[in-house]
Amino acid sequence: MSTKVLRLTVLVIILALIIPTTGFGQGPRGAVQVTLLHTNDFHGRLETDYRGRGGSAYIASVVNDIRAAAGEENVALLDGGDVYFAAPAISQLLMGESTIDIYNLMGY
């Protein structure tokens, strides 16, 4: 194979690899920042503990503040599990129904 043909082949291969991807390097116009909020091991703790920590009202307050600052449509609220097992009696007696109701109100 001649040097001229080899150079042309290499050039064609390089162009074939570069040209289709040149438009993908930039982000979309008007990109949006998304905030992910995550809870885990809630264990049906709807009310605060004996020191006044935690509880669903506190979580809802923090989530609402973040949604107000970031825009509600830009915030996703997720939970990793252990929502109502090993929970206080009210949550276990109702098989977590009260906790699920509160989670739905908070927009999980």
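Does Gly55 fit the bill of being on the phi > 0 side of the Ramachandran plot and modelled with pLDDT of 80 or more?
Working: on the phi > 0 side of the Ramachandran plot: yes; modelled with pLDDT of 80 or more: yes.
Taking the combined requirement at face value, the residue satisfies it.
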*asked:* Among (1) at pLDDT below 90; (2) surrounded by 12 or more Cβ atoms within 10 Å (Cβ to Cβ); (3) not hydroxyl-bearing (Ser, Thr, Tyr), there is one condition Gln33 misses while meeting the rest; what is its number?
replied: (2)
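Report the residue count in the stretch 47-66 for those that are hydroxyl-bearing (Ser, Thr, Tyr) and in a helix (DSSP H, G or I). Working first, answer last.
Step one: of the stretch 47-66, the residues hydroxyl-bearing (Ser, Thr, Tyr) are 48, 50, 56, 58, 61.
Cutting the leftovers down to in a helix (DSSP H, G or I) gives us 56, 58, 61.
Total satisfying the criteria: 3.
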*Looking at the stretch 83-102, which of the residues that are in a loop (DSSP other than H, G, I, E, B) and either of a type outside the set (A, V, I, L, M) or touching a residue at least 24 places away in the same chain (Cβ under 8 Å) (or both) is nearest to His38 (Cα to Cα)?*
Val83
_Looking at Leu36, Leu105, can you tell me which residue is of a type in the set (A, V, I, L, M), under 21 Å from the mean Cα position of the chain (by Cα) and in a strand (DSSP E or B)?_
Leu36
*Do we have any residue at all in the stretch 67-82 that's part of a helix (DSSP H, G or I), at pLDDT 95 or above and crowded, with 16+ Cβ neighbours inside 10 Å?*
yes
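The values are calculated or read from the model by the stated rules, or taken from the named source; none is laboratory data. The structure displayed is predicted, hence computed values, not measured ones. Methodologically, a virtual Cβ is constructed for each residue, glycine included, from the backbone with ideal geometry; neighbour enumeration extends over all protein chains shown.
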